Amino acid sequence: MTGALIVFAVVVCGHRFRLAWKEQSHGWQRRAWVYGVPAALGLMVLAFLPLKY
């Protein structure tokens with residue numbers, strides 16, 4: 001269950017990062033950081049920490 005929640009959060013944050021980057025409206029760089037950092041951290045957690053089931 002934990003892995004599924006992390007994957008969901010990574011997908012949502014990654015999608016919002018991509019939208020911010022693509023639109024490049026006012027303040028897009030800050031929004032890209034806000035969504036990109038959690039997406040990257042979530043991917044690193046999935047890759048390097050063992051998840052117990």
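Please treat every number below as a calculation from the coordinates, not as lab data. The structure displayed is predicted, hence computed values, not measured ones. Here the Cβ positions follow ideal geometry from the backbone for every residue, glycine too, while neighbour counts run over all protein chains shown.
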Output for Cβ contacts, cut-off 7 Å, separation at least six or different chains, first residue without any contact (Cβ under 8 Å) to a residue 12 or more places away in the chain in the stretch 27-39, second surrounded by 17 or more Cβ atoms within 10 Å (Cβ to Cβ) and in a helix (DSSP H, G or I), reads W28/A20
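If you go through the stretch 1-17, how many residues are without any contact (Cβ under 8 Å) to a residue 40 or more places away in the chain, in a helix (DSSP H, G or I) and either over 10 Å from the mean Cα position of the chain (by Cα) or at positive phi (or both)? Before you say what the answer is, go through the steps one by one.
First, pick out the residues of the stretch 1-17 that are without any contact (Cβ under 8 Å) to a residue 40 or more places away in the chain: 1, 4-5, 7-17.
Subsequent filtering for residues that are in a helix (DSSP H, G or I) retains 4-5, 7-17.
Adding the requirement that they be either over 10 Å from the mean Cα position of the chain (by Cα) or at positive phi (or both) leaves 4-5.
Count: 2.
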What is the one condition in (1) within 14 Å of the chain's Cα centre (by Cα); (2) within 26 Å of T2 (Cα to Cα); (3) of a type in the set (A, V, I, L, M) that L51 does not satisfy?
(1)
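Please specify each residue of the stretch 30-53 satisfying the condition of being part of a helix (DSSP H, G or I) and touching a helix residue (DSSP H, G or I) at 6+ places or on another chain (Cβ under 8 Å). Let's see the steps before the verdict.
To start, the set of residues in the stretch 30-53 that are part of a helix (DSSP H, G or I) comprises 30-48.
Selection gives R31, A32, Y35, G36, P38, A39, G42, L43, V45, L46.
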